[in-house]
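The values are calculated or read from the model by the stated rules, or taken from the named source; none is laboratory data. All of these numbers come straight from a predicted model, not from anything done at the bench. Methodologically, a virtual Cβ is constructed for each residue, glycine included, from the backbone with ideal geometry; neighbour enumeration extends over all protein chains shown. Ligands, DNA and RNA are stripped out before the accessible areas are found, and what is left, the full protein with its side chains, is counted by its heavy atoms. Shrake-Rupley method; radii C 1.70, N 1.55, O 1.52, S 1.80 Å.
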Amino acid sequence: MTDADELRRRSARERPIVAIDGPAGAGKSTAARMLAARLGFVLVDTGALYRAVALAARERGVDWSDGPALGTLASTLDLSFAVDAVHGGASRIHVDGHDRSADIRTPDISMGASTVSAHPEVRAALLGLQRRLGERGGVVLEGRDIGTVVFPDAEVKVFLTARDELRAERRRDEIARRGGPVPSLEETLREVRERDLQDSTRAVAPLRPAEDAVHLDTSGLGIDDVVEQLAAIVERRAGGRLTSGGT
Ligand code: DC
């Protein structure tokens, strides 16, 4: 894309695209949800799409190593989001008409999502959907490659990180909250590190900060502070466009 194309695309949007990328457990989901609610923006949890593909593959006997078959599966699944007003605007994912939000959050499917997401066929199959969901602006998208690949022209890009041990603890808290069997801290730390390594070393769209991303380390910050800082970043980068127009 040339600079002129990029400017045209940006100026066609009345409200900004906010891209939040970062490794597992950096606090993206909660922060993105609260930020979207505060701004009145739509929330798109792109990890849920990769998780849905891993889950559907497992249920249909498609191997997580079979890129072409996974690509076909990903492009034929009917994936959509619904807002869960009862749980503070969390997004629910529907796969072929069924709410699978709980089923995609197991540790097995976390690793599976990371594995299937390394296949170029899967990434290509999910790219169009992510762009359609975000292109009109007024949206917070969270994932791994939003600022680098999905919306390189996003007005606001943030790369969230936190210390490994803290990220593992957060993952365990999340699993406990969902009522699943809680793995040990060592096991969770291993899983988080393995997933980061896999996500950041893959050939296509690896996890890495965009050059123009603002880095925010959430270690030692409470969630309200994180959201406060994110809101300040959005204000700085796109303040003039926060209330104009809208859908
Ligand atoms: O954010 P999450 O933990 O739900 O993501 C699950 C996996 O999906 C993650 O390990 C890598 C993959 N993913 C990706 O490759 N690109 C994205 N934009 C989002 C997630």
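The figures follow:
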quantity: Distance between modelled label sites at SER184 and ARG92, nm, 7 Å Cα→Cβ extension; calculated: 3.8 nm
quantity: Contour excess over end-to-end distance, with Cα ends at ASP108 and ARG136 and 0.36 nm allotted per residue; calculated: 6.7 nm
quantity: Ranked by how many other beta carbons lie within 10 Å on average, peptides 152-160, 222-230, 17-25, 39-47 from highest; calculated: 17-25, 152-160, 39-47, 222-230
quantity: Gain upon complete extension [ASP224, GLU174; 0.36 nm per residue less C-alpha separation]; calculated: 16.3 nm
quantity: Three-way shape label, the stretch 37-138, alpha-carbon gyration tensor, a/c 1.5; calculated: prolate
quantity: Shape category assigned to the stretch 142-232 from the gyration tensor of Cα positions, a/c cut at 1.5; calculated: oblate
quantity: The chain - percent of accessible surface contributed by carbon and sulfur, probe 1.4 Å; calculated: 50 percent
quantity: For the stretch 1-157: accessible area per residue (Å², 1.4 Å); calculated: 40 Å²
quantity: Selected from ALA203, LEU133, LEU185, residue furthest toward positive end of dipole (the stretch 86-214; charges at beta carbon); calculated: LEU133
quantity: The stretch 32-95 - charge dipole about Cα centre, Lys and Arg +1 at Cβ, Asp and Glu -1, debye rounded to 20; calculated: 240 debye
quantity: Accessible area of the stretch 194-233 divided out per residue, in Å², using a probe of 1.4 angstrom; calculated: 52 Å²
quantity: Residue-level accessible surface for SER200, protein heavy atoms, 1.4 Å, Å²; calculated: 50 Å²
quantity: Simple label model, 7 Å out from Cα along Cβ direction - GLU165 to ALA124, nm; calculated: 4.5 nm
